[in-house]
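To start, the structure under review is shown below, and the notes come after it.
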Amino acid sequence: MAKQITLYGVGTSRSSRCRWTLLELGLDFGYVDNSSLIGTSELKKMQPLGKLPAIVIDGESFFESTAICTYLCDLYPEKNLIAPVGTRQRALHEQWCSFALTEIEGYLWSSLKHKSVYPAEKRVAAILPVNAEEIIAGLAVLEDTLNTTPYLTGPSFSVTDIIVGFTVNWSRSAGHLEKFPVLSAYLERLHERELCTFKPN
């Protein structure tokens, strides 16, 4: 029986990971794109900090884009978008998702907040070059890895590439990808996929 799925997100934020995953899985779902939900008591019932994305699956809510994408793929293993638990490829999925979030994306988000999200009095300009060093170091690891494999868990596209690809795309938008030709080519392959939700304008 088909599950009732509603995704709550906004624009090209991390919710685009979840939309792309849902599309690749070929699932029917509702999508509520509404930034005015952020911080509301309504959204906090699904996401404790009132942030997007959040998803409701058969009446149960979940948050964090990586967790949502992974869970969706586990619900539909026949779609082959994620490796089975206990395999080397599944361990690589967990490894690269954790790496991208902690070693790259956290610094990207910190820089964005200190550039434009925080009020002027809260911004610390000195943190930007420090964050940039961390971002470049993380991207260099991905560059080396993707020099020997077309996708992060092996020869085939997987949800890992949706999750980490979003981080790489954000890095490009932030101006950090100029010296990484392998990552740039990898991102182009992702953009070429018909269902990609973060293609450049």
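The values are calculated or read from the model by the stated rules, or taken from the named source; none is laboratory data. Quantities reported herein were computed from a predicted structural model and do not represent experimental measurements. Don't worry about glycine lacking a Cβ; one is built from the backbone with ideal geometry, like all the others, and counts go over all protein chains shown. The area values use the complete protein model at the heavy-atom level, side chains included, leaving out ligands, DNA and RNA. Shrake-Rupley method; radii C 1.70, N 1.55, O 1.52, S 1.80 Å.
Applying the criterion of being among the hydrophobic types (A, V, I, L, M, F, W, C) and under 20 Å from Leu72 (Cα atoms) to the residues of the stretch 112-169, the residue that is surrounded by the fewest Cβ atoms within 10 Å (Cβ to Cβ) is Phe157. Among the criteria (1) under 18 Å from the mean Cα position of the chain (by Cα); (2) loosely packed, with under 12 Cβ neighbours inside 10 Å; (3) not aromatic (Phe, Trp, Tyr), the one Leu49 does not fulfil is (1).
Each row is one residue, and each column tells you yes or no for (1) more than 28 Å from Thr153 (Cβ to Cβ); (2) under 18 Å from the mean Cα position of the chain (by Cα); (3) open to solvent by 80 Å² or more (accessible area, probe 1.4 Å).
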site: Tyr31; (1), (2), (3): no, yes, no
site: Asn34; (1), (2), (3): yes, no, no
site: Ile38; (1), (2), (3): yes, no, yes
site: Glu103; (1), (2), (3): no, yes, no
site: Tyr107; (1), (2), (3): no, yes, no
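Can you name the residue in the stretch 113-143 that is part of a helix (DSSP H, G or I) and charged (D, E, K, R) and is also nearest to Glu178 (Cα to Cα) among such residues? The qualifying residue nearest to Glu178 (Cα to Cα) is Glu143.
Show the residue pairs that are 6+ apart or on different chains and have beta-carbon atoms under 8 Å apart, the first residue being within the stretch 1-28 and open to solvent by 10 Å² or more (accessible area, probe 1.4 Å), the second being in a strand (DSSP E or B) and of a type in the set (Asp, Glu). The qualifying pairs are Val10/Asp33; Gly11/Asp33.
Among residues of the stretch 189-201 that are farther than 13 Å from Leu23 by Cβ and open to solvent by 30 Å² or more (accessible area, probe 1.4 Å), those with a Cβ under 9 angstrom from a residue that is of a type in the set (Phe, Trp, Tyr) and modelled with pLDDT of 95 or more, sequence gap 6+ or separate chain, pair up as Arg189/Tyr151; Arg189/Phe157.
In the stretch 112-139, the residues that are farther than 17 Å from Phe166 by Cα form no Cβ pair under 6 Å with any partner that is modelled with pLDDT under 95 and open to solvent by 70 Å² or more (accessible area, probe 1.4 Å), whether six or more places apart or across chains.
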